[in-house]
Amino acid sequence: VLLGFAGCLLLVATVAGYILSGRAMVPIARSFQRQQDFTADASHELRTPLSVLHSSLEILEEEKSSLPPFHRTVLTNMGDEVSRMIRLTESLLTLSRSDSGAEELNREPANLLELASDAMEKMRPLAGRKSITLRLDTGEASSSTSLAEAAPTVLVDQERIRQLLVILLDNAIKYTPEGGAVSLALEQDDAAGGCRIAVEDTGIGIPSEQKQHIFERFFRSDKARSRQEGGAGLGLSIAKWIVDAHGGKISVESELGKGSRFTVELPGEK
Ligand code: ADP
């Protein structure tokens, strides 16, 4: 009995030693790395043929008026699908580069109000097509300074923050029925030196049991609807990566059928 017990103890110690020494993780880490490399290489390789297709379609587009109606529709559909594939490969490339640490932030002083206005202007035509009202709210609450007065400068990667705002606004517009409203609110937290960005909509909302999954890659709450809207379920994963890389936090509050509110908190430099 004693020998059997000692044998068991030895086996447990050997397995524990193997795990604790980190050697058990090596094959897993290697296979994870291979998967990351594959995604990065595949998206990179797809870029060139897709941009060739895109420019070829642009040439055909010039001749569009001389084509029969059916061929015009085919051409438009091809253009939409190629654009969708380009967005998808760019998203995959961003995520695989962020996983491997190759995607670095280029932080510089930026005016948050300007970035928000830029993103709003970019999204205005999309909102207009669904008669959705877009509003930029610069915060008048007594506990915080109005951003319009303070003209805050934050140390961020401007391109990435612009991309983050576009992702949140694009979703807010996509998941809000015609005639609804989308607002982007900015607030500066005087004490900590950070700022808060909130994108709110009067849209379809997110079922509570799905809230914890929406930042996962390829997660789409309503797959049919999201696909129809052209989404692959990568937007919020990229948004989360951008916020995390800035040391911030992103959260969501939502009520089904009433709307959603995404809040981003970015820390200050202090
Ligand atoms: P997608 O490309 O499908 O929009 P995202 O990663 O941006 O992918 O979002 C993941 C899922 O979260 C969406 O498919 C949608 O179900 C849900 N979602 C995101 N934003 C909103 C919103 N503002 N209102 C309702 N649902 C949303």
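The values are calculated or read from the model by the stated rules, or taken from the named source; none is laboratory data. In this text the structure is predicted, and so the values were computed from the model without any measurement. No Cβ is skipped: glycine too gets one built from the backbone with ideal geometry, and neighbour counts run over all protein chains shown. Protein only, heavy atoms only, side chains kept; ligands, DNA and RNA dropped before computing areas. Shrake-Rupley method; radii C 1.70, N 1.55, O 1.52, S 1.80 Å.
Every condition in (1) open to solvent by 20 Å² or more (accessible area, probe 1.4 Å); (2) more than 12 Å from the ligand (Cβ to nearest atom); (3) modelled with pLDDT under 95 is met by Glu229 except one, and the failing one is (2). Selection within the range 109-119: residues that are surrounded by 14 or more Cβ atoms within 10 Å (Cβ to Cβ) and in contact with a Ser or Thr (Cβ under 9 Å, 6 or more places away or on another chain). The member of this set that is modelled with the highest pLDDT is Ala116.
When Ile167, Ile132, Ile161 are checked against the criterion of being modelled with pLDDT of 95 or more, closer than 26 Å to Trp241 by Cα and either within 15 Å of the ligand (Cβ to nearest atom) or open to solvent by 50 Å² or more (accessible area, probe 1.4 Å) (or both), Ile167 stands alone in meeting it.
Among the conditions (1) in a helix (DSSP H, G or I); (2) open to solvent by 90 Å² or more (accessible area, probe 1.4 Å), Asn106 misses just one, which is (1).
The set of residues in the range 171-197 being under 17 Å from Asn111 (Cα atoms) and either open to solvent by less than 20 Å² (accessible area, probe 1.4 Å) or in a strand (DSSP E or B) (or both) consists of Leu184, Ala185, Leu186, Glu187, Gln188, Asp189, Gly194, Cys195, Arg196, Ile197. Within the range 198-218, one or more residues are under 23 Å from Arg107 (Cα atoms), more than 10 Å from the ligand (Cβ to nearest atom) and either in contact with a His (Cβ under 7 Å, 6 or more places away or on another chain) or at pLDDT 95 or above (or both). Count of the range 243-270 residues, restricted to those that are surrounded by fewer than 16 Cβ atoms within 10 Å (Cβ to Cβ), free of Cβ contacts under 8 Å to residues at least 40 places away in the same chain and not in a loop (DSSP other than H, G, I, E, B), is 4. Mind telling me which of the residues Val52, Val82 ends up being part of a helix (DSSP H, G or I), without any contact (Cβ under 8 Å) to a residue 40 or more places away in the chain and open to solvent by 50 Å² or more (accessible area, probe 1.4 Å)? After applying the criteria, what remains is Val52.
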